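A.B. asks: Below you'll find the structure I mean.
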Amino acid sequence: MDATVWQKFDAAATAYDQASSLQQQSAQHLLAMVGAVSPHSVWLDAGCGTGVLAKALAAQHARVWAIDLAPNMLKALEDNDQIQTILADISQLPLADDMVDGAVSNFALHWLGPTIIAEIMRVVQPNGSAWLAIPVFGSLSEITERYPEFPVFKFDAVQDWLDQATPWLHHYEIQRFSQQHPNLKSLITAIRQMGGDHTGRAHSRHQLSLWKQWLQDPAPIALSFEVLFLQLKKPANSALSFLYQS
């Protein structure tokens, strides 16, 4: 993962939960899909952030490996005996094959792209499951439709994620989460407060002129995320699972 990404999240850790209402809604939807988990089961929360998912699983007496690259995010979980925090890049999980009963992730995997799915499933044991919430193409559409030249993060298409998930795909659905802002300037401020900062910077006089025009637009605008929810299940036959991943 690009160091600038986790550094921005690290700087936003103290205000993240208050600023990221759409991410929180996505997390709650994902937890509803997961439902009850077995006490003493072992879980991975990949790109855990402040640990909304990890804490919910721990509250059901599951043991959770909570992994993130932002140390300030992990501080919110250090006092929970059910959660083991690990400062690491989820693109190379520091966990053994077939190590966890289940895995979850919310608003983290899009930074790495669809191939990360195989790495998540590597550490899930046969018959285990993963539930993933991933913002996809169509997110931030109100911005791109109104300001076609506005620089935003390039989200992968739903089909790209489904193609990578095919060997393990059990269920998927798409939900849209949206929040109205009084103007573009307010929306950009909100994005930066949550650490996401999907927007770029002006690098020429033309771009600077456009930025000035955009930021002076007084019209309300929505911040929206198109979120793909995946439920994946690893085959019982571990040898078959290996063939799927190779």
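The values are calculated or read from the model by the stated rules, or taken from the named source; none is laboratory data. As the structure is a prediction and not an experimental result, all values here were calculated from the model. Ideal geometry is used to build each Cβ from the backbone, glycine not excepted, and the neighbour counts take in all protein chains shown. For accessibility, only protein heavy atoms count, side chains too; no ligands or nucleic acids. Shrake-Rupley method; radii C 1.70, N 1.55, O 1.52, S 1.80 Å.
A.B. asks: So which of 75/185; 55/234; 185/212 end up more than 22 Å apart by C-alpha? Intermediate values should be presented prior to the final figure.
C.D. replies: On the way: 75/185 31 Å; 55/234 24 Å; 185/212 10 Å.
In this structure, 75/185; 55/234 exceed 22 Å between Cα atoms.
A.B. asks: Keeping all protein chains in place and using 1.4 angstrom, which order do 33, 73 fall into by accessible surface area, from largest down? Present the calculation step by step, with values, prior to reporting the outcome.
C.D. replies: Details: 33 45, 73 5 Å².
Output order, biggest surface exposure first: 33, 73.
A.B. asks: Then there's this: Mind ranking 37-46, 97-106, 75-84, 182-191 by how tightly packed they are, going by the mean number of other C-beta atoms within 10 angstrom, highest first?
C.D. replies: On the way: 37-46: 19.8, 97-106: 21.9, 75-84: 15.5, 182-191: 17.1.
The packing order, highest mean first, is 97-106, 37-46, 182-191, 75-84.
A.B. asks: Kindly state, to the nearest 0.05, the FRET efficiency for residue 166 paired with residue 146, given R0 = 35 Å and r defined as their beta-carbon distance.
C.D. replies: Numbers: r = 35 Å, r/R0 = 1.01.
Using R0 = 35 Å, I get an efficiency of 0.50.
A.B. asks: For residue 106, what residues show an amide H to amide H distance below 5 Å, using hydrogens built from the backbone and excluding near sequence neighbours?
C.D. replies: 133
A.B. asks: Let me ask another. Along Cα→Cβ, 7 Å out, is where each label goes; now give me the distance between the ones at residue 99 and residue 192 in nm to one decimal.
C.D. replies: So the label points at residue 99 and residue 192 sit 3.8 nm apart.
A.B. asks: Which value, in Å² and to the nearest 10, is the accessible area of residue 169 when all protein chains are kept and the probe is 1.4 Å?
C.D. replies: 70
A.B. asks: Could you give the length gained on full extension between residue 174 and residue 153, defined as 0.36 nm per residue of separation minus the Cα-Cα distance, in nm? Could the numbers behind the result be given before it?
C.D. replies: Working: separation 21, 0.36 × 21 = 7.56 nm, distance 1.91 nm.
Answer, rounded to one decimal: 5.7 nm.
A.B. asks: Right, another one. Got a sec to turn the phi values of region 132-146 into Karplus ³J(HN,Hα) couplings, 6.51 cos²θ - 1.76 cosθ + 1.60 with θ = phi - 60°, whole Hz, x for Gly and Pro?
C.D. replies: Along region 132-146, the couplings run 10, 10, 10, x, 10, 3, x, 5, 6, 5, 4, 5, 5, 6, 7 Hz.
A.B. asks: Tell me the label-point distance for the pair residue 78, residue 208, using the 7 Å Cα-to-Cβ offset, in nm and rounded to one decimal.
C.D. replies: Label at residue 78, label at residue 208, 4.3 nm between them.
A.B. asks: Moving on to the next point. Using a 1.4 Å probe and ignoring any ligands, DNA or RNA, find the accessible area of residue 85 and quote it in Å² to the nearest 10.
C.D. replies: Estimated to the nearest 10 Å², residue 85 gives 40 Å².
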